[in-house]
Structure formats: structure tokens, C-alpha cells
Ligand SMILES: N[C@@H](CCC(=O)N[C@@H](CS)C(=O)NCC(=O)O)C(=O)O
């Protein structure tokens, strides 16, 4: 039933790509704001702050695309979606881009009429347990009750891992994020399993005594998280992909929100192309030549966004690890803007 509706959505979108639906860039420009699908509230990636302003690594990506398109990062509308709802919202055109801790998999890229536009966080699935459970390793989870959210890749990944490791467990699968967190906090399951970033966020922002919980050392999968768009609109795919790439490449060249004006005077040809001092990159995408300048000025480079949302300057304090620049031993390797 679920798959059937996904495939139906894909068929509708593929039909649309043959000319029935206007190009996403035109739709977005005409509407005057960009609609991004996010979580319903997952601190660090996409959640409203005390003033109700949405913040996070994924919200910054949404703002970056708006800055590239409109020269104004504030021209966004956030559409909160649970794990189950997210692909239908993209397929149906309710959102322009999914910026929501979504793992890129072959199945998602090929069977749903959608396609990823880069990776903004390299993650892996893990386990959160109360210290009182007395477990130090995932291999000790035999017989455990494990909470998961419906519609995530986490369900299948856990099943594969448990089979391979001869671990028997009882899944408790719940549709909404707050309910699954509440079930875990109330002890209705022994373990919460999702992306390690999610576990760090839940521990710090959702549980009353974070010190009573620990993340187990095992990471059981690759969870490369990134934005998705509909298939069949390559111009829009490019805009999303290169907006993310511009943030990553700006960090590589040391261009920040604080020094971007000064950097327009840089003799470095790469920096001059990124910032539109040497024109071309913007026009090639139907955007203003200042598209990347506006991203960096208004949102910041990837490292600035990482630090304030999930890294050293945030409550989550996630280390750069795999998300460090390639020049620092990480996987963040921006394709060159030239
Ligand atoms: N990366 C995984 C998991 C993503 C996911 O949806 N995680 C849940 C648990 S942390 C979440 O973000 N829930 C927030 C919500 O539904 O608002 C996937 O793409 O399936």
C-alpha cells in the first residue's frame, strides 16, 4: 500500500517532467518564497527556537537556497513533516526541496521519482540506552525492546544488523517523533535507535536528565544525509546541489560571513569565481552572479553552520569527524565552482 502510493507519486512527477508542470525555479520565483520540508522539530537540524524561528543545519541549507534564488535567506516557508510524510510532500509538489536529515539510498534515488542533491551530513545509525540498563555494547542487546520511528531507514538497517549479529529484539515502531521519544523516556522500550546525530539531539534536547543516558559505541550503518528534489528538473537540482557546494567550498577557501566583503578583493581566482567577481557561475544557473556571495554573507559557510547548529558552539557538541573538510581528513569535498 505504502509502496504503491510512492510509485503512483513517482509516475505523476515523471509525467510532470515531460512538460505538464512548470520548472521549479519559476514556481519558486513566482511564489516569492522557497518551501522546504523539514522535521517536525529535531534540535540541531531543524527546530523552532524560543522565538519560534526555525534553526538548524538543514534550515541553513534551506536559507542558503533562498539566498541564492532571491538574494534573501529569509524568503522561506518551513513545512514540518514526519519521517513518513516527507517523500509524498516532495513528490506532490507541496515542497520545493526536502531538507530533512534524509539518508541517500539507491532505492530512494531511483524508485520514488526523487533524487538527492548532495550530502550535508555524514552519519551512521546507533543506539541510545538508559545507563540503568547496564549495557555497554550493542552486542548485549539480545531480548531488548527497541523504539524506532515509522518511515525511517532505521527500521530495515536495524533488522539487517540484528540478523547478521544473531540479536533478537522487539521493535516498537511509532509514527511521530515526540511520541517515540516519550515512549522511550517512559521506559516503554529499552533502547532508541536512529542516526547518531538524532540520538545526540534527543539526549540533549528531549530527555530530562541527559546524564542518565548513553550512546553505545557501535555505529551499524552509513547514513549519508542530504537534500532531495524531484526527478526531471535538472536546473533546480543544480541550484540546490551548487548552493550546498558553495557553502562547503567557501569553508575550504576560508571565506566566512564575517570576511566575505573583504574576500571580494582576493586575488585567488577560485574565490573570485565563487563570489561572482569573475562572472559566469550565476548566469549558468539563471541566478544573480552574487548567488554564492549572498549565501555566505547571510547564512555563512558550511563550517560556520555546522559549529553553531550541531558542533562546538551548539549544545550537541558533535565533532566534525567525517564531516570535516577533505583537507582535514574528512569527507567534505566540494565540487569546484569553475
Ligand atoms: N536518516 C534516516 C532517519 C531520519 C528520521 O526521520 N529520523 C527521525 C528520528 S531522529 C526524525 O528525524 N524524526 C523527526 C520528525 O519526525 O519530526 C532516514 O532518512 O530515514
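The values are calculated or read from the model by the stated rules, or taken from the named source; none is laboratory data. This one's a predicted model, so the numbers in the text were calculated from it and none came from an experiment. Virtual Cβ from ideal backbone geometry, glycine too; neighbours counted across all protein chains shown.
Miscellaneous remarks
- Output for the stretch 53-77, where each listed residue is within 16 Å of the ligand (Cβ to nearest atom) and surrounded by fewer than 24 Cβ atoms within 10 Å (Cβ to Cβ): 54, 55
- Residue that is nearest to residue 202 (Cα to Cα), among those in the stretch 124-138 that are in contact with a strand residue (DSSP E or B) (Cβ under 9 Å, 6 or more places away or on another chain) and in a loop (DSSP other than H, G, I, E, B): 124
- Residue 114 vs. criteria within 15 Å of the ligand (Cβ to nearest atom), touching a helix residue (DSSP H, G or I) at 6+ places or on another chain (Cβ under 6 Å) and at pLDDT 95 or above: yes
- Filter pass, residue 209 being more than 14 Å from the ligand (Cβ to nearest atom), modelled with pLDDT of 95 or more, surrounded by fewer than 22 Cβ atoms within 10 Å (Cβ to Cβ) and closer than 25 Å to residue 59 by Cα: no
- Residue check for residue 258: farther than 30 Å from residue 202 by Cβ, part of a loop (DSSP other than H, G, I, E, B) and at pLDDT 95 or above: yes
- Candidate set: the stretch 71-106, residues that are part of a helix (DSSP H, G or I) and touching a residue at least 40 places away in the same chain (Cβ under 8 Å); chosen: the one nearest to residue 176 (Cα to Cα): 86
- Meets criteria (within 22 Å of residue 328 (Cα to Cα) and under 23 Å from the mean Cα position of the chain (by Cα)) for residue 242: yes
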